[in-house]
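Student: Before I ask anything, let me first share the structure, which is written out below as structure tokens.
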Amino acid sequence: KVSVVIPAFNAAPFIRRTIDSALGQAAADLEVIVVDDGSTDGTADLVSAIGSAVRLAGGPRRGVSAARNEGVRLARGRYIAFMDHDDLWEPGKVRRQVDLLDADPRVALVFTQARTEQEGRVVETFPVLDDPEAFLEKAYENLVHWNYIPMSSVMVRRDRLPGLDGSGPFDPRYRLSEDWDLWLRIARAAGPGGVAFIAEPLTRYMIIKGRATERMADLRLEDIAIFEEQIRAQPQLASGDPRRCRATRYRLHLEAGYWLLKEGRRAESLKSLGAAWRLKRASLKPLKYLVASLLGVRPGAARIS
């Protein structure tokens with residue numbers, strides 16, 4: 001009934017606990033599919049040693065979107081749960097989501113809160129929605145401005161995924177924000193009642209130093225591309241609420257400029273910070289970062305606030 005899709009790249013230190021977290025779910029009809037994305041650290045051998053409880057697909061390095069697409073292609077379940085190779089689930093997560101999907105055929109996607117942990121310390125519970133029912137009445141519109149859906153918390157109906165004709169649901173152009181792009185397409189197609197939320201931290205999102213979660217500059221650049229793509233496809237978003245669209249565009253360019261500057265990518269940071277300043281000339285933050293960029297100073301060293 002449920003297929004768990006886990007892409008894995010050089011995940012040897014943590015893939016076993018992730019798989020155990022999936023296999024330990026209180027669901028009688030579940031398969032776990034691990035797609036090894038060209039690992040060089042023995043990930044495939046570790047997964048193979050688990051035995052028939054896990055289906056392993058291998059191949060060369062193709063990127064996370066292609067790996068997830070391969071997992072979806074292999075999946076036999078009515079519902080598909082996505083999981084990153086270093087995250088964990090609380091024992092009742094899958095059952096809660098299955099019950100919700102079984103009860104309401106309108107729902108295409110259901111997600112949970114995630115508890116973000118770093119070095120054994122809880123740093124955030126995400127998302128916190130004051131009025132989830134009202135918020136999700138405009139699930140797509142709100143998602144355009146904020147990716148409030150944690151990747152490893154999602155379960156979807158397989159037949160509501162785009163790209164099942166062979167192209168796959170995840171867009172291979174994106175390697176860091178591919179999840180947001182897919183959630184947007186699902187939410188837009190599903191319409192009212194198509195996205196549901198379980199307001200409990202049933203997903204544990206692990207921040208591991210040096211992994212993709214720290215590639216913030218490239219993540220924000222992909223976010224800008226996805227946001228602009230949505231606005232082009234749905235121009236009424238900009239005409240209907242120009243102030244909100246301007247604020248989101250400003251925030252994305254400011255954050256991209258900050259992280260590009262922090263990573264020493266000066267020319268790119270100048271471009272993003274210049275765009276942010278033009279969108280909100282009264283704000284001093286872009287100017288502070290622009291000056292730092294021109295001086296070749298990184299935010300971490302300059303302690304810019």
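Student: Quick check: at a probe of 1.4 Å, how many percent of the accessible area of the range 106-197 sits on carbon and sulfur atoms?
Tutor: Details: 1830 of 4040 Å².
Solvent-exposed carbon and sulfur of the range 106-197 make up 45 percent of the total.
Student: On to the next question. Using only protein heavy atoms and a 1.4 Å probe, report how much of Lys285 is accessible, in Å² to the nearest 10.
Tutor: Taking all protein chains as shown, Lys285 has close to 90 Å².
Student: Tally Lys/Arg at +1 and Asp/Glu at -1 over every other residue whose Cβ is under 9 Å from the Cβ of Val5; what's the total?
Tutor: Working: positive: Arg68; negative: Glu70.
Net charge in that neighbourhood comes out at 0.
Student: Checking the cross-link filter: which lysines have an alpha carbon closer than 16 Å to that of Lys280, excluding same-chain neighbours under 8 positions apart?
Tutor: Within the straight-line cut-off, Lys280 pairs with Lys271, Lys288.
Student: Also: Can you classify the range 13-165 as rounded, prolate or oblate using the Cα gyration tensor, where a ≥ b ≥ c are the square roots of its eigenvalues, rounded means a/c under 1.5, and otherwise it's prolate if a/b beats b/c and oblate if not? Intermediate values should be presented prior to the final figure.
Tutor: Details: a/c = 1.65, a/b = 1.42, b/c = 1.16.
Prolate, because a/c is 1.5 or more and a/b exceeds b/c.
Student: What's the angle, to the nearest 10 degrees (0 to 90), between helix 266-279's Cα axis and the longest principal axis of the chain?
Tutor: Between helix and principal axis, roughly 80 degrees.
Student: Taking the solvent-accessible surface of protein heavy atoms with a 1.4 Å probe, what is the per residue accessible area of the chain in Å²? List each step's numbers first, then the result.
Tutor: Working: 14220 Å² over 305 residues.
Here the residues of the chain average 47 Å² of exposed surface.
Student: Same structure again: Could you sort the peptides 157-165, 128-136 by per-residue average Cβ neighbour count (10 Å cutoff), highest mean leading?
Tutor: Packing proxy ranking, top to bottom: 157-165, 128-136.
Student: Remind me, relative contact order of the chain in percent, using alpha carbon pairs under 8 angstrom and six or more residues apart?
Tutor: On the way: 543 pairs, mean separation 49.4, N = 305.
Result for the chain is 16 percent.
Student: To continue, here is another question. From the helices alone, meaning DSSP H stretches of at least four residues, give me the mean residue ellipticity at 222 nm for the chain, per-run term -39500 (n - 2.57), in deg cm²/dmol to the nearest 500.
Tutor: Working: 13 runs with 136 residues, N = 305.
That calculation yields -13500 deg cm²/dmol at 222 nm.
Student: Follow-up. Indicate, rounded to the nearest 5 percent, the antiparallel portion of the DSSP beta bridges found entirely in the chain.
Tutor: 30
Student: Still on this structure: Rounded, prolate or oblate: which fits the range 125-222 when a ≥ b ≥ c are the square roots of the eigenvalues of the alpha-carbon gyration tensor, with rounded for a/c under 1.5 and prolate only if a/b beats b/c? Mind showing how you got there, number by number?
Tutor: Values: a/c = 1.66, a/b = 1.10, b/c = 1.52.
Taking the square roots of the gyration eigenvalues as a ≥ b ≥ c, the range 125-222 is oblate.
Student: Using amide H atoms built 1.01 Å from N in the peptide plane, name the residues 5+ places from Val4, or on other chains, whose amide H lies under 5 Å from its own.
Tutor: Glu31, Val32, Ile33, Ala81
Student: Could you tell me which of rounded, prolate or oblate describes the range 169-305, using a ≥ b ≥ c as the square roots of the eigenvalues of the alpha-carbon gyration tensor, with rounded for a/c under 1.5 and, failing that, prolate when a/b is larger than b/c and oblate otherwise?
Tutor: Working: a/c = 2.15, a/b = 1.40, b/c = 1.53.
It comes out oblate by the Cα gyration axes.
Student: Relative contact order for the range 1-79 using alpha-carbon pairs under 8 Å, separation at least 6, rounded to a whole percent?
Tutor: Working: 138 pairs, mean separation 32.8, N = 79.
42 percent.
Student: From Cα pairs below 8 angstrom and at least 6 apart in sequence, can you work out the relative contact order of the range 121-265, rounded to a whole percent?
Tutor: Numbers: 95 pairs, mean separation 36.6, N = 145.
Answer for the range 121-265 is 25 percent.
The values are calculated or read from the model by the stated rules, or taken from the named source; none is laboratory data. Everything numeric here is computed off the predicted structure, so don't read it as measured data. When we count neighbours, we look across all protein chains shown, and the Cβ atoms used for this are built from the backbone with ideal geometry, even at glycine. Surface areas here come from the heavy atoms of the whole protein model, side chains and all, with no ligands, DNA or RNA. Shrake-Rupley method; radii C 1.70, N 1.55, O 1.52, S 1.80 Å.
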